[in-house]
Amino acid sequence: MSTTHNKVALVTGAGAGIGKAAAKALLQGGYQLVLTGRNLDKLQTAITDIGGSVDNCLAVTCDVGKPEQVKRLFTALRERFGRIDVLFNNAGMGAPAIPMEELSYEQWMNVVNTNLCGAFLCSQEAIRMMKAQSPQGGRIINNGSISAHAPRPLSTPYTATKHAITGLTKTIALDGRPFNIACGQIDIGNAATEMTEPMAAGILQADQSIKIEPRMDVDHVGQAVLHMAQLPLESNILSMTIMATNMPYVGRG
């Protein structure tokens, strides 16, 4: 593995759940961190919870779907740490689980702006930094989802954006080659976070039944992100799926 001394990672949606778990793993792996999200109090609490400090962590509020806020985020990162080695595009949200034809345009665009535009905008800024810095290069990791492969019922905006993330990942991986920029995608199924708590009580299945679904420790996802991040840039995990072993995804479920 490559050394992580003085390497810098940015995690979006870092205040809770998968983002917080990834930030914890990256910090323990030796990275200096920028944690971003919409709620500063949650970000600062997350830094404390993962064992970070003002010496190795910076919290910056940002709505990743807004270009001007993303630019401010990367300005703060550059001023504090001077470079970026890893971007984990994790920020994401869903829409109400209702039929597609009942969704409002605003509900659709809220998901598109966060899940897809946010990853695009943050990747743009990261690529600009990675191309200009010395040594050149870095790694972008996109949070896809099992929904990048197979939808849940009543999940049109979320599923559409996660499929689009796969295209974004592959094009960044291709276009980043001349600049030593690697890009991969991690597809996560049923990590135990606030977002997946309904699964423990029972969730709608494709056959319209309601079933409890197994979940996995979210720290396992953090360790998977760290593994992707620590690879030398000559190697890349283009696609990783990590899931609760017994969740209904492969086979008949």
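Placing unit charges on the Cβ atoms of the charged side chains and taking the dipole of the range 8-243 about its Cα centre, the candidate lying farthest along the positive direction among G92, S104, G65 is G65. Among S239, G138, L154, which residue has its Cα furthest toward the positive end of the charge dipole of the range 8-243, with +1 on Lys/Arg Cβ and -1 on Asp/Glu Cβ? Going by the Cα projections, it comes out as G138.
Strictly greater than 16 Å: what percent of every Cα pair in the range 168-253 meets that? Value for the range 168-253 (Cα pairs over 16 Å): 61 percent. Of M228, M216, M100, the residue with the greatest mean-square motion in the GNM of the chain, using alpha carbon springs below 10 Å, is M100.
When Rg and the Kirkwood Rh are both derived from Cα coordinates, the Rg/Rh ratio for the range 110-246 amounts to 1.02. Phi angles across the range 110-116 convert, under the Karplus curve 6.51 cos²θ - 1.76 cosθ + 1.60 with θ = phi - 60°, into 3J(HN,Hα) values of 4, 6, 4, 5, 6, 6, 9 Hz, Gly and Pro given as x. Compared with the dominant principal axis of the Cα atoms in the chain, helix 40-49 is inclined by about 80°. Extension gain, W108 to L231: 0.36 nm times the residue separation minus the Cα-Cα distance gives 40.7 nm. Each Lys and Arg adds +1 at its Cβ and each Asp and Glu adds -1 at its Cβ; summed about the Cα centre, the chain shows a dipole of about 620 debye. Hey, if you put +1 on the Cβ of every Lys and Arg and -1 on every Asp and Glu Cβ in the range 175-253, which of P214, Y249, G184 ends up farthest toward the positive end of that dipole? Highest projection toward the positive end goes to Y249. For the chain, modelled as a GNM whose springs connect Cα atoms under 10 angstrom apart, the maximal fluctuation among D55, D207, D187 occurs at D207. Across the cross-link table entries K20/K162; K170/K211; K7/K170; K66/K211, which are compared at the Cα atoms, the separations over 26 Å belong to K170/K211; K66/K211. Full extension of the segment from Q208 to T171, taken as 0.36 nm per residue of separation minus the current Cα-Cα distance, would add 9.7 nm. Within a straight-line Cα-Cα reach of under 12 Å, K131 can be paired with the following aspartates and glutamates, leaving aside sequence neighbours fewer than 8 residues apart in one chain: D85, D175. If R0 is 22 Å, the Cβ-Cβ spacing of E197 and K66 corresponds to a FRET efficiency of close to 0.20. Using a simple spin-label model with pseudo-atoms 7 Å out from Cα toward Cβ, D217 and N6 lie 3.4 nm apart. Of the trypsin sites (Lys or Arg not before Pro) found in the range 109-159, not one falls in a DSSP loop while having at most 16 other beta-carbon atoms within 10 Å. Its DSSP H runs of at least 4 residues, each contributing -39,500 (n - 2.57), put the calculated 222 nm mean residue ellipticity of the chain at -12000 deg cm²/dmol, to the nearest 500. With all pairs of different C-alpha atoms in the average, the Kirkwood value for the hydrodynamic radius of the range 8-243 is 17.8 Å.
Each value in this text was obtained by applying a stated rule to the coordinates, not by laboratory testing. Please read all numbers here as calculations on a predicted model, not as lab measurements. Note: ideal-geometry Cβ built from the backbone for every residue, glycine included; neighbour counts use all protein chains shown.
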